[in-house]
1. Restricting to lysine pairs 8 or more places apart or on different chains, what number in segment 88-224 have Cα atoms under 25 Å apart?
2. Find how many whole Å separate the alpha carbon centroid of segment 107-131 from the alpha carbon centroid of segment 156-175.
3. What is the magnitude of the charge dipole of the chain about its Cα centre, with +1 placed on the Cβ of each Lys and Arg, -1 on the Cβ of each Asp and Glu, and no other charges, expressed in debye to the nearest 20?
4. Which distance in nm do the two modelled labels at Phe173 and Glu160 give, with both placed 7 Å along the Cα-to-Cβ direction?
5. So for Asp178, Asp51, fewest C-beta neighbours within 10 Å to most, what's the order?
6. Name the residues whose placed amide hydrogens come within less than 5 Å of the amide hydrogen of Arg120, ignoring near sequence neighbours (fewer than 5 apart) on the same chain.
7. Return one number: the angle in degrees, 0 to 90 and rounded to the nearest 10, between the long axis of the Cα atoms of helix 2-16 and the longest principal axis of the Cα atoms of the chain.
8. For segment 123-132, in order, what is each residue's ³J(HN,Hα) by Karplus, 6.51 cos²θ - 1.76 cosθ + 1.60 with θ = phi - 60°, in whole Hz (x at glycine and Pro)?
Amino acid sequence: MVERLLNAALNIVRQHGSDLFIDTSRPYAYTIVMEYEGKKIFLKIARDANDVPSSAIRDMKLLSEFLNAPALFVVSSTDNEVLEEGVVYRRDSMNFVSLATLAKALRGELPKFYQSRSKRYVTVDGKALRERRESLGLSLSALSQMLSISRETLYRYEREEYPMPERVAVELFKRFSDDVAKKINIFNTTRASKIDKASRAIDINKYRLEQSHPNGIIYSDKPLFLVKDPEKKEKTRLLAEIFSVEVVEE
């Protein structure tokens, strides 16, 4: 299953950019580094989002931040339910998308819905929503009644205080267009949290990686890869060449 996903992902990658690195050493998820519009992007290919251990997600966040490289998981399902096109599933602050969503995003069609646990949301462009509402001569009260929500709730959406649930968004899009929802740039760099860094800290600015090539990463003025396992040296050096970083053997 993962091999079929990998081959399908590579076909998509090669239509829009190039693959620079492929690693199939982890059975739960394969790794691609692709180049797209001048960016180097990590793609982790897995069958289901829950097949990916939290340690692998933490590795990706550290690599993404310190290499300034976007990281993204491409999966078929979440909790064994098909991940629909145009929906971004979020787990531990990392984005998971389907092959179809990846293909559309590489064509410039970014998704707008995201899923957290079992619920879906959009982030409203408050200014665009307010301007569209006012251009149609609709008051907050009038539009809120159309959407079956309170005036206060609609006011908070326009102030972008919290995300809009899928049910309300679908009704809103029927009356306006989906231009009032913000696009999700799945190619943004992911940042590791303080907890992520603290859990992997070996020394000052030195972090352990558990599910990746290399074994660790140092970051001060520039990143350095750490490698100590002989079986990881070849892939680590290839990855270092791609990202123009030095390798330190321990």
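1. 23
2. 8 Å
3. 560 debye
4. 2.0 nm
5. Asp178, Asp51
6. Glu166
7. Approximately 70 degrees, to the nearest ten.
8. My calculation for segment 123-132 gives 9, 7, 7, x, 5, 5, 5, 5, 5, 5 Hz in order.
Bear in mind that the values in this text are calculations on the coordinates, not laboratory data. The model shown is predicted, which means the values in this text are computed figures rather than measured ones. Heads up, the Cβs are rebuilt from the backbone with ideal geometry, glycines too, and the neighbour counts pull from every protein chain shown.
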